[in-house]
Ligand SMILES: [Zn+2]
C-alpha cells in the first residue's frame, strides 16, 4: 500500500503539543483524517485518530470516559478498568485506524512528518477550504 497524498493543516497556535492535523490518502482511494502531529518528549511523532473509550455508569447508566474514577453525572465511584487490557492509553483510547506493522508505521510517520516540515517551510498562509467553513478570528 502506498501513501499517495498527505495534506497538512498546521495547528501551532492552538496547543503546545499538537502541531498539525494530517489527512492521508492511500493508493488514491482511501482517506484517513485527523491524524495528528504531536510534539513528544523525544521529538515529533504521529498519532493515529482515536476516540475516548466509554463505559456505562453502573448506577445511573450514563456514558462516562473509560479510566475515570468517578461518574461525572451522579458522582458514584467507578470500578477500575480490567487489568488485562494493557497500557492505560489502550484502555482509555481506541484507535479508529492504525497500521498493524512497524514497517508501515515508520513509512506513514516519515511521510507525514516530511509533509509537515514542508508545510512549515512554506510559512503560515491564509487558506480557506471547503472542509473548514468556520472562519477563525
Ligand atoms: Zn453515574
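Computed from the coordinates by the stated procedures, all read-outs in this text should not be read as laboratory data. What you are looking at is a predicted structure, and each value in this text was computed from that prediction instead of being measured. When we count neighbours, we look across all protein chains shown, and the Cβ atoms used for this are built from the backbone with ideal geometry, even at glycine.
Spin-label pair residue 9-residue 70: with each label point 7 Å from Cα along the Cα-Cβ axis, the two points sit 3.6 nm from one another.
Of 100, 35, the sequence from fewest to most neighbouring Cβ atoms within 10 angstrom is 100, 35. Computed from the C-beta positions of residue 107 and residue 17 and an R0 of 41 Å, the FRET efficiency is 0.95 to the nearest 0.05.
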